[in-house]
Structure formats: C-alpha cells, structure tokens
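We did not get these values from a lab; they are worked out from the coordinates using the rules stated. Computed from a predicted model, the values in this text were never measured in an experiment. Cβ coordinates were reconstructed from backbone atoms using ideal geometry, including for glycine residues, and neighbour counts include every protein chain displayed.
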Amino acid sequence: MAKELGADLFGIADLTVAQAFVCKQGGEYLRKFSRAISIGVRLLDAVVDELYRHEDPAAIYTYTALYNSVNSSLDHVGLLLAKRIQEKGYRAYAIPASQTVDSDKLIGVFSHKLAANLAGLGWIGKSCLLITPSYGPRVRFATILTDALLKAGSQIDEKCNDCRECMDICPVKAFTGASFDPSKPREVRFNAHLCRSYRKKREERLGEGYCGLCVYVCPHGRSNKSLP
Ligand code: SF4
Ligand code: SF4
C-alpha cells in the first residue's frame, strides 16, 4: 500500500531494542509503540545535482520547494497508512516528515533516521544522514509508530569506509568524521548549531537558508559524477 501511494522505500523497525533512547528523546508515552513503519520518498536527482551552484538563489529555491513538497507527500502517505492500521484495530501515531520540537538540541519527537536504520533501509553516515544503498541521502523519511507486531527488518552495515566528501564540502566543517555509535550523542559526530547558524546567515543573504551540500556530494546515490 505504501508503494502504491508513492513511497519509494518502506520498512519495519523493531523499537524494543531502542526503547530507552526513544522515550528519553520523545517522552514515556512512546513506550506503547513497539514498531516503527519507515517510509521514504526520493528527492529529484536533477534538482539535487544543481546544488553545487550553491550561491544561486534559483538552485536553492528549487531545492527548498522540492524538499517541502516531498515532506507533504510523506505526510499524506503516512496519514493514509496510519488510518488503515487504525481501522485494523491497532494504534498508529504518524510522525510528520519535518519536526523540530526542541530548538536548543535541534531534535524532533522521534528520529526518522533511527527507524529507517533499524528497519534496514540504510546506515547513518559520517554526515549523520541516513544513507540508502540505492539513493544515498537523496531520500526524505516519515514514520508511523504502532503497536501492531509487524515483522521487522534488520540493520545493514555502514559503507562510508574511507570517504570524507561530506566532511570536506561542508562550509562550516560541522562533521567530525566519527562513525555512528548508538551509545554516543550526536554532538560527537555533528555540530548541528554550526549548520543552523550558517543556514540562518544564508537566509538573511539569499532569502532562503537551505544548504544541502552534504546531500549533494555523497557518492552513494549520486548519478551524475561529472558535476563539480
Ligand atoms: S547542510 Fe551544509 S552546512 Fe549543514 S551540515 Fe550539510 S554541508 Fe554543512
Ligand atoms: S559523503 Fe562519504 S563519508 Fe559522507 S555520508 Fe556519504 S559515503 Fe559517508
């Protein structure tokens, strides 16, 4: 059903292995959900490929519109899936594609990347993005939490290896290069405040703050490698 509605990726995560982390971030009420349904919708390669024209407002505005439109599609698919699960007699709690509820820590109620990672849809790269084998980081995610005991997938190995392209291209050097380790906080790998203040300055200067260079450069999912 997810694919028929427009999702490009779909998987189930068993949340019982990460319950302490999930409840610490989002609240105790999340403990009642033992599964997360992860859905992904691809960005358009032709638009992401233009992000190297980083100072051109046209490239940034087009990317922003795409980003918002993919988020809306995900929320729509998530709502219809959640309604179907509810009709079957289970609880379904749809987490929107874009959500920041803690403006200090810059985190949402629930990590879509965690769900996608546990579901086996990709690994968390040095860029802290979810890197999928087929589309790299060029995918946006949403999640439906549920108590329906659906069969869960399993994690896949990280494949960043010696690559450091996201670290090199980031204008504010926000990534440390440390590999993902679930026992360590995000700050060990990524300074989200550096990224946010850079985007804020861009917004004042260009009218739109999105950057996206770390999405653009990742060799996984990058179809046109002849671009700069
Ligand atoms: S969006 Fe830009 S500034 Fe932020 S982490 Fe990625 S490359 Fe760095
Ligand atoms: S650019 Fe390289 S290091 Fe960064 S996430 Fe992609 S594969 Fe990993």
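Summary table below
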item	result
For the chain, convex hull of alpha carbons as volume per residue, Å³	118
Sparsely packed trypsin sites (Lys or Arg not before Pro) within segment 1-91, loop by DSSP, other Cβ within 10 Å at most 12	K3, K88
Helical contribution to [θ] at 222 nm, DSSP H n ≥ 4, -39,500 (n - 2.57), averaged over the chain, rounded to 500	-10000 deg cm²/dmol
Radius, Kirkwood style, for segment 59-189 when every pair of distinct Cα atoms is counted (Å)	16.4
Pairwise Lys count, segment 20-109 - Cα closer than 23 Å, eight or more residues apart or different chains	4
Cysteines having no other Cys beta carbon under 4.7 Å from their own, within the chain	C23, C128, C160, C163, C170, C195, C211, C218
Cα-Cα pairs of segment 113-228 separated by more than 18 Å (percent)	56
Most mobile listed residue (G26, G11, G207) in the chain, GNM with C-alpha springs under 10 Å	G207
Charge context of Q19, other residues only, Cβ under 12 angstrom, K/R +1, D/E -1	+2
Net +/- balance of residues flanking D8 in space, Cβ distance below 13 Å, scoring K and R +1, D and E -1	+2
Length gained when the stretch E87-D147 is fully extended (0.36 nm per residue, less Cα-Cα span)	20.3 nm
Relative contact order [Cα under 8 Å, 6+ residues apart], the chain, whole percent	25
